[in-house]
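The values are calculated or read from the model by the stated rules, or taken from the named source; none is laboratory data. Because the structure is a prediction, the values reported are computed rather than measured. When we count neighbours, we look across all protein chains shown, and the Cβ atoms used for this are built from the backbone with ideal geometry, even at glycine. Please note that ligands, DNA and RNA were not included when accessible areas were found on the heavy atoms of the full protein model with its side chains. Shrake-Rupley method; radii C 1.70, N 1.55, O 1.52, S 1.80 Å.
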Amino acid sequence: MVTRRAFLRSTGAAGAATLTAFTNQAHARLSAAGALGGGREAAELATDESYWREIQQAFTLDRTIINLNNGGCCPSPRVVHEALKRYLDVSNQAPVYHMWQILEPNIESVRRRLAADFGCDPEELAITRNASEALQIAQLGIPLKAGDEVVTTNQDYGRMIDTWEQRVRRDGIKLTKISFPVPPKSMDDLADRLLSAITPATKVLHFCHITNLTGQIFPVKQICDEARRRGIKTVVDGAHAYAHFPYKVSDLGCDYYGTSLHKWLLAPIGTGFLYVRRENIEPLWPLTPAAESKSKDIRKFEEIGTHPAANHNAIAEALTFHEGIGIERKAARLRYLRDRWAKRLGANPNIRIHTSLDPAQSCAIGTVQITGAPTAKVVARLWEKWRIIATPIVHAEYEGLRITPNVYTTTEEIDTFAGAMEDICERKAEL
């Protein structure tokens, strides 16, 4: 009788490789894609459907629907989801030992890898459950007194505006919200609007790296450098930015930065991080109280009580998958998919694109409106007739559908969406 051990010995490397392919198909797909990609430039590879087909096969999806709302949260590649389940299984054997003693300490490996990718010191990065938690640590922890002013925009994420509004009610601070057109006149205009709103009472500038409403990228460093020169702290909402397009923390210059990892990094749902510039760690109060001995430790922001280790440990697999594609290739593909539908629909006089197609100002996210058609009814028609998921955006100054494909999205799905929008536009009187 041939034992499993004997079989592995007899098959050697080939047998091990076969087992790896069975258990870790996502990395096998990345390797196959890499062979197809060769050394070609990202822009050229963006249109290579053979390459991206390999990436698409690394996911387990419901292809009976077309998911164009990857801005909320994304499905993880199979290898990431399997890691999450594996860590949960290990934890469940005896959580007080396996979860706390075996798995939890490995958060430090995840911290080091995230910090290396983001370009900061690991001692400046706290792992959180999402961008909202990360940003609220900064928003509620920055010492402010009655009369101090925070300047933000009226297109920042609603939860973050709600958080500042609570400080208005609780602490008597002043909140100023500036407006800007979509798409904006220029990046300089965006910077000027924020910076010109500064008054002697301004203590904090809070703005998006890339907005969740239209995917507008802000000139972060230009704004942060000037704010620093004036002694003003900067809180940057990077919920949609990290692992979406290329940048490092040195390209930002901010004091605080919060992001979600279950969006563009494709990590498990309930993962994010907070960056705090080192000199700001001690004066920043944690959202959940920590011991005074941790006042200078970035880990004080992770004191949330009992929590699963599986979610944050599986971030490591998401990073490996992300690095296997490469951020330049990823961003080029996402812009290609966005441009494929946006340029086609933008040629229609009855359709308006609210997102700049300038690569410096946007990436995967685009917002589109059929003029004269209620956004909610357009979203409903897309779902009822074509099983397309889109996000309705209804702002006081504009409305439309936010469309966010991801690396698993096919060109056929993009073309189906564009055709559906053209059909709705022709028949909008029926809505």
Only listed residue being hydrophobic (A, V, I, L, M, F, W, C), in contact with a His (Cβ under 8 Å, 6 or more places away or on another chain), open to solvent by less than 40 Å² (accessible area, probe 1.4 Å) and part of a helix (DSSP H, G or I), chosen from 334, 345: 334
Scan of region 74-122 for residues that are surrounded by fewer than 16 Cβ atoms within 10 Å (Cβ to Cβ) and among the aromatic types (Phe, Trp, Tyr), ordered by number: 97, 100
Failed criterion for residue 164 (all others in (1) part of a loop (DSSP other than H, G, I, E, B); (2) farther than 19 Å from residue 397 by Cα; (3) aromatic (Phe, Trp, Tyr) hold): (1)
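Restricting the search to region 297-331, which residues are outside any helix (DSSP H, G or I) and farther than 30 Å from residue 183 by Cβ? Write out each step before concluding.
Going through region 297-331, the residues outside any helix (DSSP H, G or I) turn out to be 297, 303-309, 314, 326.
Within region 297-331, 297, 303, 304, 305, 306, 307, 308, 309, 314 meet the criteria.
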Criterion violated by residue 255 - all others in (1) of a type outside the set (Ser, Thr, Tyr); (2) out of contact with any Ser or Thr (no Cβ under 7 Å at 6 or more places or on another chain); (3) farther than 29 Å from residue 76 by Cβ satisfied: (2)
Cβ pairs under 7 Å, 6+ apart, first in region 412-431 and within 16 Å of residue 343 (Cβ to Cβ) and open to solvent by 50 Å² or more (accessible area, probe 1.4 Å), second outside any helix (DSSP H, G or I) and not basic (Lys, Arg): 422/348
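Give region 55-69 a look and list any residue that's out of contact with any Phe, Trp or Tyr (no Cβ under 8 Å at 6 or more places or on another chain) and β-branched (Val, Ile, Thr), or say none.
Selection gives 60, 64, 65.
Which residues, counting only those in region 240-249, are aromatic (Phe, Trp, Tyr) and surrounded by fewer than 23 Cβ atoms within 10 Å (Cβ to Cβ)? Please lay out each step first, then the result.
Step one: of region 240-249, the residues aromatic (Phe, Trp, Tyr) are 242, 245, 247.
Across region 240-249, the qualifying residue is only 247.
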Residue in region 172-186 that is buried (at least 18 other Cβ atoms within 10 Å of the Cβ), aromatic (Phe, Trp, Tyr), outside any strand (DSSP E or B) and in contact with a strand residue (DSSP E or B) (Cβ under 6 Å, 6 or more places away or on another chain) present: no
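If the requirement is being within 23 Å of residue 274 (Cα to Cα), β-branched (Val, Ile, Thr) and in contact with an Asp or Glu (Cβ under 9 Å, 6 or more places away or on another chain), which of these qualifies: 153, 163, 128?
Residue meeting the stated conditions: 128.
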Candidate set from region 351-410 (those that are farther than 29 Å from residue 243 by Cα and in contact (Cβ under 8 Å) with a residue 60 or more places away in the chain); member that is least open to solvent (accessible area, probe 1.4 Å): 351
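Name the residue, out of 223, 269, that is farther than 23 Å from residue 315 by Cα and either of a type outside the set (Asp, Glu) or assigned to a loop (DSSP other than H, G, I, E, B) (or both). Even if it seems obvious, please write down each step before you answer.
Numbers: 269 fails: farther than 23 Å from residue 315 by Cα.
From the options 223, 269, the qualifying one is 223.
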Residues (open to solvent by 10 Å² or more (accessible area, probe 1.4 Å), in contact (Cβ under 8 Å) with a residue 60 or more places away in the chain and in a loop (DSSP other than H, G, I, E, B)) located in region 229-239: 239
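Hey, can you tell me all the residues within region 187-197 that are open to solvent by 40 Å² or more (accessible area, probe 1.4 Å) and either among the basic types (Lys, Arg) or free of Cβ contacts under 8 Å to residues at least 24 places away in the same chain (or both)?
Restricting attention to region 187-197, the residues satisfying the condition of being open to solvent by 40 Å² or more (accessible area, probe 1.4 Å) are 187-188, 192-193, 196.
192, 193, 196 - these are the residues of region 187-197 that are open to solvent by 40 Å² or more (accessible area, probe 1.4 Å) and either among the basic types (Lys, Arg) or free of Cβ contacts under 8 Å to residues at least 24 places away in the same chain (or both).
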For residue 35: the one exception among (1) more than 15 Å from residue 319 (Cβ to Cβ); (2) modelled with pLDDT of 95 or more; (3) open to solvent by 40 Å² or more (accessible area, probe 1.4 Å); (4) part of a helix (DSSP H, G or I): (2)
Boolean, residue 314 is within 25 Å of residue 92 (Cβ to Cβ), touching a residue at least 40 places away in the same chain (Cβ under 8 Å) and among the small types (Gly, Ala, Ser): yes
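How many of the residues making up region 198-228 are of a type outside the set (S, T, N, Q) and open to solvent by 20 Å² or more (accessible area, probe 1.4 Å)?
The first filter runs over region 198-228 and keeps only residues of a type outside the set (S, T, N, Q), leaving 198, 200-201, 203-210, 213, 215, 217-221, 223-228.
Right, trim to open to solvent by 20 Å² or more (accessible area, probe 1.4 Å) and you get 198, 200-201, 203, 213, 221, 225-226, 228.
Qualifying residue count, region 198-228: 9.
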Subset tally (residues that are in contact with a helix residue (DSSP H, G or I) (Cβ under 7 Å, 6 or more places away or on another chain), open to solvent by 50 Å² or more (accessible area, probe 1.4 Å) and of a type in the set (Asp, Glu)) for region 290-331: 1
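Residue 305 - would you say it is touching a Lys or Arg at 6+ places or on another chain (Cβ under 7 Å), of a type outside the set (S, T, N, Q) and more than 29 Å from residue 149 (Cα to Cα)? Quick ask: steps written out before the conclusion?
Working: touching a Lys or Arg at 6+ places or on another chain (Cβ under 7 Å): no; of a type outside the set (S, T, N, Q): yes; more than 29 Å from residue 149 (Cα to Cα): yes.
Taking the combined requirement at face value, the residue does not satisfy it.
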Condition met for residue 252 (open to solvent by 20 Å² or more (accessible area, probe 1.4 Å) and hydrophobic (A, V, I, L, M, F, W, C)): no
Of all residues making up region 40-64, the number that are touching a residue at least 40 places away in the same chain (Cβ under 8 Å) and of a type in the set (Ser, Thr, Tyr): 2
